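Just below is one structure, and these are the notes that go with it.
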Amino acid sequence: LTSMGNIMSIIKPKAQSQATPDKILERLEALLTEFESLLGSANKEEELQVFLKTNPLLLGPASNIIPKHKLGEDFVTDFIIVNTDSQGSHFTLVEIEKCDKRLFNGNGDISADLSHAEKQTIDWEGWLETNKAYLQNKLHGFETPEFSIIMGRSNGLTESDKKTLRIKNRRSKNLKIYTYDDILAQNKELLMSLRPLASHG
């Protein structure tokens, strides 16, 4: 679903005449370098929120990204990712945490930080059980959403932790947990897949 047109609509060079495929990929590569640097220095969740809001491509190159969407007066999502296909729109409510928060404790148990983030998505889902019409009035085509948590770094995970996370994600029907390195890796794969398009003009 990703095309050079999708990328060009998000990454805009200073002048339209500069919007060549090569320039687009250069900008994307620079963006990923900037993101990787931020992950090594960010001390606050707000820094990550602002960066992802400014560069929504990182959360989905073919998606509509909605930051800080209210769930009534009770909750605020960090992002809502909207993907649209022939069947309609699909919604993912995203909770982000700081990149230095651990997903697992040293003994392999789920950390208090991850449990807190999961509880946040449970609270959202509970709120939607009785207030779904609220979002249906705000977001056209809104139906039962999925949920995502983005937190921590992959280099803080042992091989056992990674295995546990894979199993946890497979078992979950509507919640997926990613590290910031997962987001970075996905976008590096995107960059690699787009290079042949640029070489063909």
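Taken along its principal axes, the alpha carbon cloud of segment 16-82 reaches lengths of 45, 28, 16 Å, longest axis first. Counting charges near His90 (Lys, Arg +1; Asp, Glu -1) among other residues having Cβ under 11 Å from its Cβ returns a value of -3. The mean sequence separation of alpha-carbon pairs under 8 Å and at least six residues apart, normalised by the residue count of the chain, gives a relative contact order of 21 percent.
Computed with a 1.4 Å probe over protein heavy atoms only, the accessible surface of the chain comes to 56 Å² per residue. Rounded to the nearest 20, the size of the Cβ-charge dipole of segment 38-153 about its Cα centre is 320 debye, with Lys and Arg at +1 and Asp and Glu at -1.
Taking only protein heavy atoms and a 1.4 Å probe, the accessible area of segment 142-201 is 52% carbon and sulfur.
All distinct Cα pairs of the chain go into the 1/r average, and the inverse of that average, the Kirkwood radius, is 18.2 Å. Counting only the backbone N, which residues of segment 115-145 are under 15 Å from the spot 7 Å out from the Cα of Lys173 toward its beta-carbon? Taking a point 7 Å out along Cα→Cβ of Lys173, the residues of segment 115-145 whose backbone N falls under 15 Å are 122, 125-126, 129, 144-145.
For Lys70, the lysines whose Cα comes closer than 26 Å to its Cα, not counting residues fewer than 8 places off in the same chain, are Lys44, Lys53, Lys98, Lys101, Lys119, Lys132, Lys138, Lys173, Lys176. Gyration tensor analysis over the Cα atoms of segment 62-145 returns equivalent ellipsoid semi-axes of 27, 15, 11 Å (largest first, whole Å). Sorting the Cα pairs of segment 145-189 by distance into bins of 10 Å, from 0 upward, gives 27, 55, 18, 0 percent per bin.
The values are calculated or read from the model by the stated rules, or taken from the named source; none is laboratory data. Owing to the predicted nature of the structure, the values given are computational and were not obtained by experimental measurement. Note that each Cβ is placed from the backbone with ideal geometry, even for glycine, and that neighbours are counted across all protein chains shown. These area figures cover heavy atoms from the full protein model, side chains too; ligands, DNA and RNA do not enter into them. Shrake-Rupley method; radii C 1.70, N 1.55, O 1.52, S 1.80 Å.
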